[in-house]
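The values are calculated or read from the model by the stated rules, or taken from the named source; none is laboratory data. Values in this document were obtained by computation on a predicted structure and should not be read as measured data. Cβ placement follows ideal geometry from the backbone for every residue including glycine, while neighbour counts extend to all protein chains displayed.
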Amino acid sequence: MRKNYYVHPNLDRSGHLRANQDEITRMLSTSEATLLPIWRAKSLIQNAEDAPELANIPNDLMATILEDSKGISFLGIMNEKPHFAIDLSHHDEPPLQDLGEFYDLREVGPTMSAEQGALAAFARGIVHWHAHHQFCGKCGHPTTNMDAGHRRKCINPECEKDHFPRTDPAVIMLVQDEQGRALLGRSPHFFEGMYSTLAGFVEPGETLEQAVSREVFEETGVYTKDVTYHSSQPWPFPSSLMLGFTAVATSHEINIDPVEIEDARWFTREELIEGEAMGKYRTPRKDSISWILISDWLNSK
């Protein structure tokens, strides 16, 4: 099984330090502190054309950047260095252009190291959450940053509701029939010829297994059984957690929901491999769990 992108075991999130403001301040003042600037959901990258990596912020700029930031979040400790996400989205133009360029993580993520990809994804996701929770969902008053970026608190003394970072759970599944064929579909916004695994968001009051079967049926009219967990992947585009599954089809006729997808069909391994080699078909991006599911299926015979 291949490893999923945007997650890495070397990141120690150090949750016990988040409420310790003195320690957070101390870490920010050290030469080991590493800042990850985010501007309009993009990460500051250097060497994007050859070997993309997170831009290094010189120590002499740290104080200025921290003061300029609209929000700071402690990500954790990796390789004995504390890492922080900072939001610079209030600038009309991309800042720090002498240090690198701001890129959408989807443009450079597949060729970044696993460690740096995980950090960039975490930074992008936490900054997005802050940007969309500036006001209390209960009373409408402004909220303020707490616990080093991992809690927002309503400033209304009659409310004071705590808000915590949220992710949207989504199931994504590789469905096979008894012949070993895979059920793949395409959305209108896909690149020409691209087919991917089916996916959809989990609804309130249902299990993950129920969500898999419901989404497959809603999109293609195919019934399934034996839903089995595969793996999961953070997908901060903007705030999802992709929960990967495999399933077995109990019917074959496809009736697509044109609102959900543009097309769906059964693929044999040989058909997909040969079609991709000829340029007829395309598989998903290499940083997606969809590609991992398809790749594992292609190599499972």
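Okay, here's what the table says:
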read-out: Residue among 252, 230 that alone is of a type outside the set (A, V, I, L, M, F, W, C), under 14 Å from residue 290 (Cα atoms), in contact with a Phe, Trp or Tyr (Cβ under 8 Å, 6 or more places away or on another chain) and surrounded by fewer than 21 Cβ atoms within 10 Å (Cβ to Cβ); value: 230
read-out: Subset of segment 276-286 [touching a residue at least 24 places away in the same chain (Cβ under 8 Å) and over 11 Å from residue 192 (Cα atoms)]; value: 284, 285, 286
read-out: Residue within segment 92-113 that is buried (at least 21 other Cβ atoms within 10 Å of the Cβ), touching an Asp or Glu at 6+ places or on another chain (Cβ under 7 Å) and not aromatic (Phe, Trp, Tyr) present; value: yes
read-out: Qualifying strands (runs of 3 or more DSSP E) (wholly inside segment 197-301; at least 1 residues being under 21 Å from the mean Cα position of the chain (by Cα)); value: 198-201, 224-235, 240-249
read-out: All positions within segment 93-122 that are part of a strand (DSSP E or B) and either outside the structural domain of residue 36 (by TED's automatic domain parsing) or hydroxyl-bearing (Ser, Thr, Tyr) (or both); value: 103
read-out: Condition check for residue 68: over 18 Å from the mean Cα position of the chain (by Cα) and touching a residue at least 12 places away in the same chain (Cβ under 8 Å); value: yes
read-out: Residue match in segment 225-241 (condition: without any contact (Cβ under 8 Å) to a residue 40 or more places away in the chain and in contact with an Asp or Glu (Cβ under 7 Å, 6 or more places away or on another chain)); value: no
read-out: Cβ-Cβ under 7 Å pairs, at least 6 apart or on other chains, segment 34-56 side at pLDDT 95 or above, far side surrounded by 14 or more Cβ atoms within 10 Å (Cβ to Cβ) and of a type in the set (Lys, Arg); value: 38/124; 41/124; 43/124
read-out: Single residue of segment 150-178 satisfying the filter (within 14 Å of the chain's Cα centre (by Cα) and part of a loop (DSSP other than H, G, I, E, B)) that is modelled with the lowest pLDDT; value: 166
read-out: Number of the condition not met by residue 259 [criteria: (1) exposed (fewer than 14 other Cβ atoms within 10 Å of the Cβ); (2) over 19 Å from residue 188 (Cβ atoms)]; value: (2)
